[in-house]
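A short worksheet on the structure shown next.
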Amino acid sequence: MVIVYPSIDIQGGRVIRTSGADLESADELPGSPIEMARRWVAAGARWLPVVDVDGARAGTPRNLDDLRDIVALGSPGHAGQALVPGGDRACCR
């Protein structure tokens, strides 16, 4: 059995797709972060990593409203995370 972990990368309130670490050539995907999360959850995603790209660059969370909305979906095993120093997870509890 293969488990796929789809990831939602958020930059400037939009969902992006990157090629490796090259954020300058990122493609914007259609729909909002919450719409993308709903699609993945409806497709059966049990874990949904969420990357706050702006927060990772700044060192503090920047897309908290999107992160909170996605975590509020409450699907089993649903996870929200931001790649920031210190792992500020209190924002999403």
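Each reported figure results from applying straightforward, stated rules to the coordinates on display, with no laboratory input. All values derive from a computational prediction rather than experimental measurement. Neighbour counts are summed over all protein chains in view; Cβ atoms, including those assigned to glycine, are modelled from backbone coordinates with ideal geometry.
Quick one: pull the percentage of alpha-carbon pairs in region 5-75 with a separation above 21 Å.
20 percent
Roughly what would the spin-label model give for SER7 and GLU35, points 7 Å off Cα along C-beta, in nm?
Once both label points are built, they end up 2.3 nm from each other.
Under 5 Å between amide H atoms, partner at least 5 residues away or on a different chain: which partners does LEU29 have, H built in plane at 1.01 Å?
Amide H to amide H, under 5 Å and 5 or more residues apart or across chains, LEU29 pairs with VAL15, ILE16, ARG17.
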